[in-house]
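Below: the structure, in structure tokens.
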Amino acid sequence: MAELMSNSVQEMADNGQEPPVKYFYKGNDGGVLDASVPLIEIPVVDLGLLKSPSTSAQELEKLKLALSTWGCFQVVNHGMASSFLDKIREVSKQFFASPMEEKQKYSREADSIEGYGNDMILSDHQTIDWTDRLYLTISPEDQRKIKFWPENPKDFRETLHEYTVKLQETNDFLLRAMAISLNLEESCFLDQYGEQPLVTARFNFYPPCPKPDRILGVKPHADASAVTFLLQDKEVEGLQFLKDNEWFRVPIIPHALLVNIMSNGIFKSPVHRVVTNTKRERNTLAVFCIPESDNEIKPADGLISESRPSLYRKVKDYVSIYFQHYQQGKRPIEAVKI
């Protein structure tokens, strides 16, 4: 179906406009959203300790525990300086602070997620997220659509490129470490990942929201990527995780990256959402590392046994399945369960 376009939430916030009812979350949480849910300590994994022969065994246990109980962790000692992470936050802030006509040069086209804009609207009944975003393909490099990469601030492109190169190295290392933690062949996750994996970046801008008890920055979901790296806002909270059917706030560790993972149900793929607030804007950057779309992905053979059969069918291009389900408010993973 043809897509219906919606306004920038930043413009609505700047104009003091009352949000339309299509932004009101109609979830099963009783309708009222609570930003003051309990804070929870998410596991922290130290890459330096993971790489050092004397401490790697202990840190691998921490990694395995983090992924099997949470499906995510904060990673520190990842080799990127605090000042570099601050620079990434800064180019993101500068882009969203630029005049609307400047941002609109990078507007996404109808029926595509790439570029500047907000939710693709596929039906009149869809709940829209209170966020504007800039969505870019990073690699394979020949698939980059440079026309969507901002020219201002001047160092935007170079900074993003440098950041994502470093993240891809971290991603490869973590996929190997995850396999080792499960006593699997070291390359088993990387092999499914393919020679030409897709890496995308989504810069998220959440302006102050007049109805934070009714409107979400991002609907509850679990990610479609193999690994997601989230650079949080340094000062403004908003991310919440669902654990044991209860929502918890995620603490900010300014120079940590939050990592989300997928696997055959041994590691969790955590459901999370973003809440809004009335006073402060919030900026984040999510980078998604996604297996090559032609590659068939399935639970690793070493994770399947008579006592633990495969929970998911083989699937190609899971991301396409994901977007269709997400906008309908459904969990995409249910579509590939056996």
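The values are calculated or read from the model by the stated rules, or taken from the named source; none is laboratory data. Just so you know, these numbers come straight off a predicted model, no measurement behind them. In this analysis, Cβ positions are derived from the backbone assuming ideal geometry, glycine residues included, and neighbour counts consider all displayed protein chains. Ligands, DNA and RNA are excluded from the accessible area calculation, which covers all protein heavy atoms including side chains. Shrake-Rupley method; radii C 1.70, N 1.55, O 1.52, S 1.80 Å.
Yes/no per residue for (1) at pLDDT 95 or above; (2) open to solvent by less than 60 Å² (accessible area, probe 1.4 Å):
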{"residue": "PHE73", "(1), (2)": "no, yes"}
{"residue": "ALA81", "(1), (2)": "yes, yes"}
{"residue": "ARG89", "(1), (2)": "yes, yes"}
{"residue": "LYS93", "(1), (2)": "yes, no"}
Looking at ARG144 and the list (1) free of Cβ contacts under 8 Å to residues at least 40 places away in the same chain; (2) touching a Phe, Trp or Tyr at 6+ places or on another chain (Cβ under 8 Å), which single condition is not satisfied?
(2)
What number of residues in the range 144-169 are surrounded by 15 or more Cβ atoms within 10 Å (Cβ to Cβ) and touching a helix residue (DSSP H, G or I) at 6+ places or on another chain (Cβ under 7 Å)?
7
Specify the residue that is most open to solvent (accessible area, probe 1.4 Å); the eligible residues are those in the range 209-225 that are touching a strand residue (DSSP E or B) at 6+ places or on another chain (Cβ under 9 Å) and part of a loop (DSSP other than H, G, I, E, B).
ARG214
Looking at the range 161-204 only, could you name the residues that are modelled with pLDDT of 95 or more, of a type in the set (A, V, I, L, M, F, W, C) and either touching a Lys or Arg at 6+ places or on another chain (Cβ under 7 Å) or on the phi > 0 side of the Ramachandran plot (or both)?
PHE203
Hey, any hits in the range 226-243 for a residue that's touching a Phe, Trp or Tyr at 6+ places or on another chain (Cβ under 7 Å), small (Gly, Ala, Ser) and in a strand (DSSP E or B)?
no
Show the residue pairs meeting these rules: Cβ distance below 9 Å; 6+ apart or different chains; first residue within the range 37-52 and free of Cβ contacts under 8 Å to residues at least 12 places away in the same chain; second residue surrounded by 14 or more Cβ atoms within 10 Å (Cβ to Cβ).
SER52/GLU59
Apart from one, (1) closer than 30 Å to ALA256 by Cβ; (2) assigned to a loop (DSSP other than H, G, I, E, B) all hold for GLU169; the odd one out is (2)
Inside the range 147-161, can you point out the residues that are touching a residue at least 24 places away in the same chain (Cβ under 8 Å) and within 21 Å of the chain's Cα centre (by Cα)?
PHE148, TRP149, PRO150, PHE156, THR159, LEU160
Matching residues, the range 97-111, being under 19 Å from VAL9 (Cβ atoms) and either open to solvent by less than 20 Å² (accessible area, probe 1.4 Å) or part of a loop (DSSP other than H, G, I, E, B) (or both)
SER98, PRO99, LYS103, TYR106, ARG108, ALA110
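Okay, residues lined up against (1) modelled with pLDDT under 90; (2) open to solvent by 60 Å² or more (accessible area, probe 1.4 Å):
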residue: ASN7; (1), (2): yes, yes
residue: ALA13; (1), (2): no, no
residue: GLY16; (1), (2): no, yes
residue: VAL37; (1), (2): no, no
residue: VAL45; (1), (2): no, no
Could you tell me which of the residues LYS64, LYS26 is among the basic types (Lys, Arg), under 23 Å from GLU246 (Cα atoms) and touching a Leu at 6+ places or on another chain (Cβ under 8 Å)?
LYS64
